[in-house]
1. Only one of (1) touching a Lys or Arg at 6+ places or on another chain (Cβ under 8 Å); (2) more than 7 Å from RNA strand B (Cβ to nearest atom); (3) at pLDDT 85 or above; (4) farther than 14 Å from residue A:272 by Cα is not met by residue A:324, so which one is it?
2. Output the residues belonging to region A:615-670 that are among the hydrophobic types (A, V, I, L, M, F, W, C), surrounded by fewer than 17 Cβ atoms within 10 Å (Cβ to Cβ) and within 21 Å of residue A:111 (Cβ to Cβ).
3. Return the residue satisfying two criteria in turn: it lies in region A:245-279 and is assigned to a loop (DSSP other than H, G, I, E, B) and touching a residue at least 12 places away in the same chain (Cβ under 8 Å), and of such residues it is surrounded by the most Cβ atoms within 10 Å (Cβ to Cβ).
4. Within region A:831-857, can you find the residues that are open to solvent by less than 30 Å² (accessible area, probe 1.4 Å) and farther than 26 Å from residue A:806 by Cα?
5. Report, by residue number, each residue of region A:15-44 that is more than 32 Å from the chain's Cα centre (by Cα) and surrounded by 13 or more Cβ atoms within 10 Å (Cβ to Cβ).
6. I need the full set of residues from region A:635-665 which are assigned to a loop (DSSP other than H, G, I, E, B) and either farther than 15 Å from residue A:597 by Cβ or without any contact (Cβ under 8 Å) to a residue 60 or more places away in the chain (or both), in order please.
7. Quick one: is residue A:494 over 30 Å from residue A:626 (Cα atoms) and crowded, with 17+ Cβ neighbours inside 10 Å?
8. Using the structure shown, decide if residue A:374 is away from RNA strand B (no atom under 15 Å from the Cβ), at pLDDT below 85 and open to solvent by 30 Å² or more (accessible area, probe 1.4 Å).
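The values are calculated or read from the model by the stated rules, or taken from the named source; none is laboratory data. Remember, it's a predicted structure, so these values are computed and weren't measured experimentally. Positions of Cβ are backbone-derived with ideal geometry, glycine not excepted, and every protein chain shown enters the neighbour counts. These accessible areas exclude ligands, DNA and RNA; they are computed on the full protein's heavy atoms, side chains included. Shrake-Rupley method; radii C 1.70, N 1.55, O 1.52, S 1.80 Å.
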Amino acid sequence: MAIERYNPREVEPRWQKAWDEARIFEIDNDDPKPKYYMLEMFPYPSGRIHMGHVRNYAMGDVVARYRRAKGYNVLHPMGWDAFGMPAENAARDNNTHPKGWTYSNIDTMRRQLKSMGLSLDWSREFATCDVEYYHQQQALFLDFLEAGLVYRRKSKVNWDPVDMTVLANEQVENGRGWRSGAVVEQRELVQWFFRITEYATDLLESLDELDGWPEKVRLMQRNWIGRSRGARVTFPLVERQDGTADSIVCFSTRPDTLYGASFLAISAEHPVALERAESVPELREFIAECRKLGTSAAEVEKAEKRGFDLGLTVAHPFIEGKQLPVYAANFVLMDYGTGAVFGCPAHDQRDLEFARKYGLEVTPVLAPLDAPDQPVAVSDTAFVDDGVLINSGPLSGLRKDAAIEKAIEILAGKGLAVAETNFRLRDWGISRQRYWGCPIPVIHCDDCGVVPVPKSDLPVRLPDDVLFDKPGNPLDRHPTWRNVPCPVCGKEARRETDTMDTFVDSSWYFARFTAPRADTPTLPATANAWLPVDLYIGGVEHAILHLLYSRFFTRGMQATGHLDLKEPFRGMFTQGMVVHETYQIDRDGRPEWLAPTEINISEKEGGRSAERIGTGEPVRIGAIEKMSKSKKNVVDPDDIIATYGADTARFFMLSDSPPERDVIWTAAGVEGAHRFVQKIWRLLGESASQLAAIQAGAADQGAAGDLSRLAHKTVSAVATDIEKLAFNKAVARIYELVNALAAPLSEVRAGRATPEMQAAVKQACEYLLRILAPMMPHFAEECWRLIGKSTMIALEPWPAHDETLIAEDLLHLPVQINGKKRADLAIEASAGPEEIEAAVLALDAVCLALDGKQPKKVIIVPKRIVNVVI
RNA sequence: GCGGACGUGGUGGAACUGGUAGACACAAGGGACUUAAAAUCCCUCGGCCUCUGGCUAUACGGGUUCGAGUCCCGUCGUCCGCACCA
């Protein structure tokens, strides 16, 4: 009997509607089942979803549907990270309004996501640009302000001259804005800051307990927070200047090397240098040059270590009468430590280079551990390993670590040192001079200063009537919005026109999902019940910023009583990108990119070649790269879903490539996935009536037993694979099960199968569909109907596999002779070591090799292997 | 420069805690069905040889072990993060 091909275009919308109408993914906070919070990073509504979204949400949906089948109450929400610059750029370029542009993009992308058949609770959807959301964010801001977690200060900021806004340190990459790519300038502005450094130690140390996170991400955060323990050491100036300074304080992680110090280097921005510059024109010039110095990797690499002798000297804190010269140096950063370091050339490579250049002394004060009496000859490589102190007065003879403590202890007694820990992490500057963001809810009054907007006056709404005809912040130019009476004295005052960094919006949305309509930021009891997120999936590009900010925010929300936990994400996973080949032709001598839809690829034994559709021009097949519009190597999810259906797209995304690695999108791969869908449809469809009629029964004998065992094994292994997110392995096992089902199914169809075999086949088919359902939900529903079921497979529990059925009664043991495989042994699983050894020694291959002699040793690894050593 | 990850067929990748290397898939080649094509089905598919068998093979060179893709040392290469952080 011929069966029609499976038609996802008809089937998928029908099941989406059925799920929707049954509201099976809308969940109840009071459900007594154990909770599971599955979250994928919410998208920025840029216009259309891309394949990266498809991959991310396909993976998340497998886990959500699997957990639901396993009996969990699964929270699986979706929203929109909807504030941000592209909306303003679009407004400027296309004469639209950011709001209209954003919400219309959301509508498009919501439709696209719905066409994927994701098991999302859409009743909890929100966008961060919804007034209701940023209202609560403003309330949080006020609470943070009151708790001292927000402050305002004048600071040097990273100014992006293209986007005309301030960037956080985290948003500057190699001296360029992360979005615009423009070279960032330094400006002095009054800015709002979140006091993330308050939690530096906690954020660092808690990483140790986040064992559900990739080690790589934890490491990146550790490095970013960048703790270093050391000491502040005071070097008194020998001749006081006219000004205020009478000493220079250095931060050092190696106070043990103080006896080897031969100079001080301070930042060009250091107050002592600036003061000195007032009377020394050459120094002014030097400082100006330092300011110009780029911070990009390449520039730093080749920038020469340069110094300017300030003509000042400081007293050595240990050695009576010894004086050290003070340099301003281009490699000392003002915003780390104290902006001043002491140089110990023998034990620091950079100091050594500096010392060689300016002819300063190089005094080794550490000897290697294995030759503590041998003075190290330092020529052009500093000795930086652990060692034993020499020529160091009271420190001599101590190991490095002990010497560090001793040095601090002695100097502390003289009031010249204090132990200190420094962090690389800076406070988080959140002021943005933009319109399309959450307004910072404060008012500036000439008399009362900075006044928080009373909570009863929230939300501070963004005005709709703004113009984007000029660069800069339209809120500044709005005729009336800024003007507001002071909440304290009633006098005319001005609203803050800065809005918040959009990273603030995404720092707490996961908590809002637990009670998205509450008129407080969270309902604490509800948030506590759902959080932490059990599994959070997103791109590795957020490994530092977003995840660190969210961890900070959770702590801040705990401090202000909005929830009661520190770590928002128990499990975390970073998925790889979707990449694609690139194609080029030469047009008038210049290379031009072609889209995959514009070319034809042919594959022969000799290799692959491509030509342009229509013209037949030969096409160069280029590198495999991240899908991007500029290289035209993008594949539109809408097209794929229209052609193959969402299930095929989802299944292909899960196949082959491990989820943390990049997946290469190929037409052949998608077609392969689609063929598999049709194959199952055909196999089941051809035997559908027979399958529906089979009665359940025992299926544990002979060939039926083998099939039954495979089905149980597959169920168990696929569950483990999904829990480990090894979707590619789960897919491979499903292929194996289907391959094994083909022949028995045709026996069933032909009416030749024994009752036992029939029962085994029926059970295997049902198991197959139930484990396939998280990956290909629509298709599984349709097949479930096909074999005569009337329930919804989305509501079916995960099959309960039987461990005892998985156990084999006959073992196949490979037999090695001297480590090389020579034979196989089939033996009862219950056989003991003696029986196995006897059976092995009776094998022809073994007898032949032994040639009548006794083996030296027989190694039997239970259920694994036997090795006969001769 | 510092820190980390990785290196397996033509390709994506499997291989548990050291135990049969190459599961599963893609591509390719051959065949069946067909007037033909598509679809489908069957076979071959790391390399070499004296081919019902054997040798060799997991970037390269050593080592530990009865046994190494897996552990250790060294070399080379690729990718990622940070970057004048004292």
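1. (1)
2. The first filter runs over region A:615-670 and keeps only residues among the hydrophobic types (A, V, I, L, M, F, W, C), leaving A:619, A:621, A:623-624, A:627, A:634-635, A:640-642, A:646, A:649, A:651-654, A:663-665, A:667-668, A:670.
From what's left, surrounded by fewer than 17 Cβ atoms within 10 Å (Cβ to Cβ): A:621, A:623-624, A:642, A:664, A:667-668.
A:642 - this is the single residue of region A:615-670 that is among the hydrophobic types (A, V, I, L, M, F, W, C), surrounded by fewer than 17 Cβ atoms within 10 Å (Cβ to Cβ) and within 21 Å of residue A:111 (Cβ to Cβ).
3. Let us first name the residues in region A:245-279 that are assigned to a loop (DSSP other than H, G, I, E, B), namely A:245-246, A:253-254, A:261-262, A:268-270, A:278-279.
Keeping just the survivors that are touching a residue at least 12 places away in the same chain (Cβ under 8 Å) gives A:245, A:253-254, A:261-262, A:268-270.
Numbers: A:245: 15, A:253: 15, A:254: 20, A:261: 29, A:262: 21, A:268: 26, A:269: 17, A:270: 23.
If we take residues in region A:245-279 being assigned to a loop (DSSP other than H, G, I, E, B) and touching a residue at least 12 places away in the same chain (Cβ under 8 Å), then A:261 is surrounded by the most Cβ atoms within 10 Å (Cβ to Cβ).
4. If the condition is that a residue be open to solvent by less than 30 Å² (accessible area, probe 1.4 Å) and farther than 26 Å from residue A:806 by Cα, then A:846, A:850, A:855 are the ones that fit.
5. Once the filter is applied, which keeps residues that are more than 32 Å from the chain's Cα centre (by Cα) and surrounded by 13 or more Cβ atoms within 10 Å (Cβ to Cβ), region A:15-44 yields A:15, A:18.
6. If we filter region A:635-665 for residues that are assigned to a loop (DSSP other than H, G, I, E, B), which is where we start, we get A:635-636, A:645, A:655-662, A:665.
Hits for region A:635-665 are A:645, A:655, A:656, A:657, A:658, A:659, A:660, A:661, A:662.
7. On the way: over 30 Å from residue A:626 (Cα atoms): yes; crowded, with 17+ Cβ neighbours inside 10 Å: no.
No: the conditions fail for residue A:494.
8. Working: away from RNA strand B (no atom under 15 Å from the Cβ): yes; at pLDDT below 85: yes; open to solvent by 30 Å² or more (accessible area, probe 1.4 Å): yes.
So residue A:374 passes the test.
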